[in-house]
1. Do we have R183 as crowded, with 20+ Cβ neighbours inside 10 Å, modelled with pLDDT of 95 or more, assigned to a helix (DSSP H, G or I) and charged (D, E, K, R) here?
2. If you go through region 27-50 one residue at a time, do you hit one that is under 23 Å from V137 (Cα atoms), open to solvent by less than 20 Å² (accessible area, probe 1.4 Å) and in contact with a helix residue (DSSP H, G or I) (Cβ under 8 Å, 6 or more places away or on another chain)?
3. Which one of these is among the small types (G, A, S) and without any contact (Cβ under 8 Å) to a residue 24 or more places away in the chain: A383, A403, A378, A352?
4. Among S414, S426, which is closer than 30 Å to A340 by Cα, among the small types (G, A, S) and in contact with an Asp or Glu (Cβ under 9 Å, 6 or more places away or on another chain)?
5. Name every residue in region 17-26 that is assigned to a helix (DSSP H, G or I) and out of contact with any helix residue (DSSP H, G or I) (no Cβ under 6 Å at 6 or more places or on another chain), in order of residue number.
6. For L302, are the conditions met, namely being closer than 26 Å to L459 by Cα, assigned to a helix (DSSP H, G or I), hydrophobic (A, V, I, L, M, F, W, C) and modelled with pLDDT of 95 or more?
7. Taking region 111-132 on its own, how many of its residues are of a type outside the set (D, E, K, R), assigned to a helix (DSSP H, G or I) and open to solvent by 10 Å² or more (accessible area, probe 1.4 Å)?
8. I need the helices (runs of 4 or more DSSP H) fully contained in region 203-293, keeping only those with at least 1 residues that are among the aliphatic types (A, V, I, L, M), open to solvent by 10 Å² or more (accessible area, probe 1.4 Å) and touching a residue at least 40 places away in the same chain (Cβ under 8 Å).
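The values are calculated or read from the model by the stated rules, or taken from the named source; none is laboratory data. None of these values were measured; they are calculated from a predicted model. Note that each Cβ is placed from the backbone with ideal geometry, even for glycine, and that neighbours are counted across all protein chains shown. Side chains are part of the model used for accessible areas, which takes the heavy atoms of the whole protein and leaves out ligands, DNA and RNA. Shrake-Rupley method; radii C 1.70, N 1.55, O 1.52, S 1.80 Å.
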Amino acid sequence: MTTPLEPITFGERPLRIEDVLALANRQVPTRLQDDTAYRQRIAKGAQFLDSLLDKEGVIYGVTTGYGDSCVVAVPLEHVEALPRHLYTFHGCGLGKLLDAQATRAVLAARLQSLCHGVSGVRVELLERLHAFLENDVLPLIPEEGSVGASGDLTPLSYVAATLSGEREVLFRGERRPAAEVHRELGWEPLVLRPKEALALMNGTAVMTGLACLAFARADYLLQLATRITALNVVALQGNPEHFDERLFAAKPHPGQMQVAAWLRKDLAIDAPTAPLHRLQDRYSLRCAPHVLGVLADSLNWLRSFIEIELNSANDNPIIDAEEERVLHGGHFYGGHIAFAMDSLKTLVANVADLLDRQLALLVDVRYNHGLPSNLSGAPADRAMINHGFKAVQIGTSAWTAEALKNTMPASVFSRSTECHNQDKVSMGTIAARDAIRVLELTEQVAAATLLAANQGVWLRAQAEDARPLPPALAAMHAELAQDFAPVIEDRALEGELRLCLQRIAAQHWRLHA
């Protein structure tokens, strides 16, 4: 009997990246903190704003225009109309739509920020945003149009608009008008109060949601690349002593040491080894812990940047109902996420480059120590017409080149915009989208190199003097054999590569963590 999962609670409790991932994948129920004291604290912010309106106080985005228009006073008779105008004129997003997983992560990030109780929104808004998540009502959000400061204004306008019954959502697998889905669920669309549209839009939820997903993918990719390296050490009859514990004690970067330890375990390094072809393997094998270790050592600070942003109130202005103050600042600025994602995409692209080099060794008879050309398993009388993994290696080179090209940091391309009000911006959302793209490409490289490594291991096993595989690699090889038969006669491998990518996306193989 399966133990029910503990719900993720939105409220005062901080969230971890793993919570966002589980929620994005619909793996865990959620709840909204609902004790009386908490609900009163949330309500107090909206009530304080209402009291200021009664006194005709000046509040940015409530009794003024937005951005550079903050100097334009809005008469009280128009204040109620201002939120709708904000999400309406920002309805100009372009590009692909965020997928369902990413949209759930965005909704979770925005809800968590608003749950701090310093954004001046009603409890009813939190409840409806949570209901969108619980019922999987997903705003259709174009991914392009944010400069990452003054928040993810344009993409988040699609959240504000759909909460108000406008634009379109994905519901039960269909693209439908938000108003129609509201009626079906028996909901009245929200009429956003002063500050609520601004609170929804003027934050870093899109870049932060994407960053959570990118982090989780990179973490798994690190483990997978280590396992692929171990398979390639076997396939290329490399020297496992390159990963000796005493060697890494002399240069003790923790992540580098961890990768070396994983390799020692995978290769059962204490077991007798085959005769060495080279005293020192080429760098893509020998230096794998040094390459992968940089990613491993960076994950902790990347987590810190992402989770602090996730668990922050990142809009403007901040409403301090307890002290009855409105604090105007710039918490919508996504600089930490921008730097984290610019860094992550470089780290991940280096993984692509490493695996691409390993694959190049595998297919080349000058360097693969006796494996057939292009890893073809064809018998001698058909070897001349079979080309095995030749085209896969070409494709891998293309994917790697594109990943490396996309490492140009987005955060250095700040543009002055919006009448020079937003004159220094983070580009955090572009950096996060870049990181996702680099991950996609690197996972393609990993899929190709994994299938090639598995083929190389199979070819070694055909030799009369073949040695048994270490236990961890034997289990992986056997599991891969269930889906991926050896390539003997040439066949189109696209379908198998796509299946391997599905397995990677689902984190199908239990690896080192």
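1. So R183 does not fit the description; no.
2. Yes, region 27-50 has at least one match.
3. It is A383.
4. Criteria check complete, one pass: S414.
5. E18, D19, A22
6. Against the criterion (closer than 26 Å to L459 by Cα, assigned to a helix (DSSP H, G or I), hydrophobic (A, V, I, L, M, F, W, C) and modelled with pLDDT of 95 or more), L302 does not qualify.
7. 3
8. In region 203-293, 205-235, 254-267 are the helices (runs of 4 or more DSSP H) which contain 1 or more residues that are among the aliphatic types (A, V, I, L, M), open to solvent by 10 Å² or more (accessible area, probe 1.4 Å) and touching a residue at least 40 places away in the same chain (Cβ under 8 Å).
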